[in-house]
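Visitor: Below is one structure. I have some questions about it.
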Amino acid sequence: MRTDKCIPDIATALREAGVRDGMTLSFHHHLRDGDFVVNRVLDALETLGVEGMRIALSSVFPVHEPLIRHIKSGLVRSLDTDYVSGPVAKAISSGILAQPVMFRSHGGRPRAIGEGSLHIDIACVAAPCVDGLGNINGSGGPSACGSLGYILPDAAHAGRVIAITDFVSKEPLRSISIPHSSVDYIVKVDTIGDPAGIVSGSINLTRDPVAHAIARNAQAVIRASGLLRDGFNYQTGAGGASLAASQYLREDMRRMGLHGGFLLGGITRYMVDMLEEKLFDAIFDVQCFDLHSVRSIAENAAHHEISADSYANPGRKSCYVDFLDVVLLGASEVDVNFNVNVHTDSNGMLIGGSGGHNDAAAGANMTIIVAPLVRARLPIVVERCTTITTPGASVDVLVTERGIAINPARAELAARLKEARLPLYSIEELRAMALNITGTPKKLALSDQVVGLVEYRNGTIIDSIYAIRDS
Amino acid sequence: MSGIKTAIAGTLESNDIMITVSPSRQEGKNTIAVESIVMRQFGPAIIAAIEDSLTQFEVGFVHIDARDRGALECTIKARMEAALLRYKELPS
């Protein structure tokens, strides 16, 4: 009979879980740039003297810089992730890993976990609130982060699950994200994260006039598309133009007396405000970006936590992204075939990853890419993307501040937008317009060392990422 | 840096360039140092724009320190013009 899952420290829990050389350990990124858990587990692994580990961390943030040291020492052999930023991204681009990083999407990751191609030996849950049985949620405790959507598939499939927490509730939890029946061990530490890095206090609306010009065009596209009607389901990122466009959408919905279905994805206060205003019935939340959304998911019954699996796994009977009418997504490059890059910049440097980009694009009825025509003298529309994150077949419209291009495969949509007298151009025309402003950039030569593989959500490898050549 | 005649125009914001003009480091010629986030794509074009401005606004032999954050050519020329005219107005 099992009575107490509490283990005094992380190293002991790892040993109890049977940690060995070459195992796969998984982690999630809900504590974002305030996360202490990944670094603490890596330190514990170091004291245990294991090596050759695969780290499956849903997103890598600047705070995870110590990974570089552990890669150099041989403790970490490979990475499996959906998004990388900060010093680790730079190090990967410089070719620090002998094995290419496996880049997945937020929906591809649970697909791989469920089908067994990403087998997890030990899942390490950054658990803001745990009860004595081992039930976990993200809403309580000093490091509350709201939704725990990205680690739910790991907790369900991993060989062993360790909950690392800084808050053990005396009362049994009322709202449960991960049930005790999935949790092997509980380790109480002094703190699992820095609240200032976990969520933004507030994400402010941009005042950048270019972002607002893009947002106005995006608003006009949504209005003219015919998709804006009762039951409208919507997702957007937290980028400046996307948030501004959401504010304009909100004004349109009020004016038209429309009532939407659901808001999806990573959630900010602007989504919460629309829910509270009853413009939408529900929020389905895989990740909270700010304090407002953390509070809302704890208090508002219409604000639901969902797992990455039901969010975007293409192997399921359905996933939430399939029901989207419109998604607004960003881009570092869009090519003349409407392929989109959010993995690398135009220097080939790793700057991110799909996250839910290619999932939402595939699912939504209309996928709108919002981007400035020119960013720091580099044209956004290119001949061919440095890296393909999202295939052009799932992209419908590119909206820039100077004009809108529609995927030629969407004739009906093109007719609607034309009728609304929107500033439509072919994507080649937008490219020519950009080049006319910037001059023609010199083509870059990348090295032939592969540092990353881009797995599309369905498991197909669609591109490779190459090391940056010193010059 | 007291005592050395310098003039500055521009900022380190994205899409801008910061130009600092000071006396030339080599007698009898202009010297130019460029640092840019788009060096690999536009390095020669940035230097050409700076040289154009130096020809257009005669201020004697100077050193140009350019820190570029992806400025368009028109921006580079505007910042050069402002920096050179400011430099010209300084007491020798």
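Visitor: Here is a check on your reading of the model: is residue A:457 modelled with pLDDT of 95 or more and in a loop (DSSP other than H, G, I, E, B)?
Guide: yes
Visitor: Mind listing just one residue for me: the one in segment A:417-437 that is in a helix (DSSP H, G or I) and within 19 Å of residue A:394 (Cα to Cα) and, of those, nearest to the chain's Cα centre (by Cα)?
Guide: The extreme case among them is A:427.
Visitor: Here are some residues: A:332, A:293. Which one is among the hydroxyl-bearing types (Ser, Thr, Tyr), touching a strand residue (DSSP E or B) at 6+ places or on another chain (Cβ under 8 Å) and surrounded by fewer than 24 Cβ atoms within 10 Å (Cβ to Cβ)?
Guide: Matching residue, one of A:332, A:293: A:332.
Visitor: May I ask you to say which residue of A:435, A:430 is surrounded by 13 or more Cβ atoms within 10 Å (Cβ to Cβ) and away from chain B (no Cβ under 14 Å)?
Guide: Answer to the check: A:430.
To keep it simple, each residue is scored yes or no on (1) outside the structural domain of residue A:111 (by TED's automatic domain parsing); (2) surrounded by fewer than 22 Cβ atoms within 10 Å (Cβ to Cβ); (3) in contact (Cβ under 8 Å) with a residue 40 or more places away in the chain.
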site: A:234; (1), (2), (3): yes, no, yes
site: A:238; (1), (2), (3): yes, yes, yes
site: A:243; (1), (2), (3): yes, no, yes
site: A:247; (1), (2), (3): yes, yes, yes
site: A:272; (1), (2), (3): yes, no, no
site: A:278; (1), (2), (3): yes, yes, no
site: A:301; (1), (2), (3): yes, yes, no
site: A:312; (1), (2), (3): yes, no, yes
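Visitor: Same structure, new question: Given the condition touching a residue at least 40 places away in the same chain (Cβ under 8 Å), more than 18 Å from residue A:4 (Cβ to Cβ) and polar (S, T, N, Q), answer yes or no: does some residue in segment A:197-204 qualify?
Guide: yes
Visitor: Among the residues that make up segment A:83-94, is at least one of them modelled with pLDDT of 95 or more, touching a Lys or Arg at 6+ places or on another chain (Cβ under 7 Å) and either within 16 Å of residue A:55 (Cα to Cα) or among the hydroxyl-bearing types (Ser, Thr, Tyr) (or both)?
Guide: Within segment A:83-94 (the criterion being modelled with pLDDT of 95 or more, touching a Lys or Arg at 6+ places or on another chain (Cβ under 7 Å) and either within 16 Å of residue A:55 (Cα to Cα) or among the hydroxyl-bearing types (Ser, Thr, Tyr) (or both)), the answer is no, since none of the residues qualifies.
Visitor: I need the helices (runs of 4 or more DSSP H) fully contained in segment A:32-93, keeping only those with at least 2 residues that are under 30 Å from residue A:390 (Cα atoms), touching a residue at least 24 places away in the same chain (Cβ under 8 Å) and small (Gly, Ala, Ser).
Guide: Once the helices (runs of 4 or more DSSP H) in segment A:32-93 are filtered for at least 2 residues that are under 30 Å from residue A:390 (Cα atoms), touching a residue at least 24 places away in the same chain (Cβ under 8 Å) and small (Gly, Ala, Ser), what remains is A:87-93.
Visitor: OK, next. Looking at residue A:390, is it closer than 17 Å to residue A:226 by Cα and out of contact with any Cys (no Cβ under 9 Å at 6 or more places or on another chain)?
Guide: Answer is no for this residue.
Visitor: Hey, among the residues in segment A:192-207 that are surrounded by 13 or more Cβ atoms within 10 Å (Cβ to Cβ) and part of a loop (DSSP other than H, G, I, E, B), which one's modelled with the highest pLDDT?
Guide: The qualifying residue modelled with the highest pLDDT is A:192.
Visitor: Residue check: is residue B:5 in contact with a Leu (Cβ under 8 Å, 6 or more places away or on another chain) and either in contact (Cβ under 8 Å) with a residue 12 or more places away in the chain or of a type in the set (D, E, K, R) (or both)?
Guide: yes
Visitor: Still on this structure, please answer the following. Counting only residues that are of a type in the set (A, V, I, L, M, F, W, C) and away from chain B (no Cβ under 14 Å), which one in segment A:443-468 is surrounded by the most Cβ atoms within 10 Å (Cβ to Cβ)?
Guide: Once the filter is applied, the top-ranked residue is A:454.
Visitor: Residue by residue through segment B:1-51, note down the ones that are within 23 Å of residue A:443 (Cβ to Cβ), under 15 Å from the mean Cα position of the chain (by Cα) and not hydrophobic (A, V, I, L, M, F, W, C).
Guide: B:35, B:36, B:43, B:44
Visitor: Looking at segment A:9-20, can you tell me whether even one residue there is farther than 18 Å from residue A:66 by Cα, outside any helix (DSSP H, G or I) and acidic (Asp, Glu)?
Guide: So far as segment A:9-20 goes, yes, one or more of its residues are farther than 18 Å from residue A:66 by Cα, outside any helix (DSSP H, G or I) and acidic (Asp, Glu).
Visitor: Collect the residues in segment A:376-401 that are within 14 Å of chain B (Cβ to nearest Cβ) and assigned to a loop (DSSP other than H, G, I, E, B), keeping them in residue-number order.
Guide: Matches in segment A:376-401: A:376, A:377, A:380, A:383, A:386, A:401.
Visitor: Look at segment A:273-306 and say how many of its residues are part of a loop (DSSP other than H, G, I, E, B) and either touching a Pro at 6+ places or on another chain (Cβ under 7 Å) or modelled with pLDDT of 95 or more (or both).
Guide: Qualifying residue count, segment A:273-306: 7.
Visitor: Just to check your reading of the model, which residue among A:218, A:213 is within 17 Å of residue A:364 (Cα to Cα), in contact (Cβ under 8 Å) with a residue 60 or more places away in the chain and assigned to a helix (DSSP H, G or I)?
Guide: Result of the check over A:218, A:213: A:218.
Visitor: Name every residue in segment B:15-46 that is aliphatic (A, V, I, L, M), surrounded by 14 or more Cβ atoms within 10 Å (Cβ to Cβ) and in contact with a strand residue (DSSP E or B) (Cβ under 6 Å, 6 or more places away or on another chain), in order of residue number.
Guide: B:17, B:18, B:19, B:21, B:32, B:34, B:46
Visitor: Between a residue in segment B:57-78 that is away from every other protein chain (no Cβ under 14 Å) and any residue that is surrounded by 20 or more Cβ atoms within 10 Å (Cβ to Cβ), which pairs come within a Cβ distance under 7 Å, given they are 6 or more apart or on different chains?
Guide: Final answer for the pair search is B:57/B:84; B:59/B:84; B:59/B:87; B:62/B:21; B:62/B:87; B:64/B:19; B:64/B:21; B:64/B:50.
For (1) away from chain B (no Cβ under 14 Å); (2) of a type in the set (Gly, Ala, Ser); (3) part of a helix (DSSP H, G or I), each residue gets a yes or a no:
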{"position": "A:311", "(1), (2), (3)": "yes, no, yes"}
{"position": "A:315", "(1), (2), (3)": "yes, yes, no"}
{"position": "A:322", "(1), (2), (3)": "yes, no, yes"}
{"position": "A:346", "(1), (2), (3)": "no, yes, no"}
{"position": "A:353", "(1), (2), (3)": "yes, yes, no"}
{"position": "A:360", "(1), (2), (3)": "yes, yes, yes"}
{"position": "A:372", "(1), (2), (3)": "no, no, no"}
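The values are calculated or read from the model by the stated rules, or taken from the named source; none is laboratory data. Bear in mind the structure is a predicted one, so any value in this text is a computation, not a measurement. Don't worry about glycine lacking a Cβ; one is built from the backbone with ideal geometry, like all the others, and counts go over all protein chains shown.
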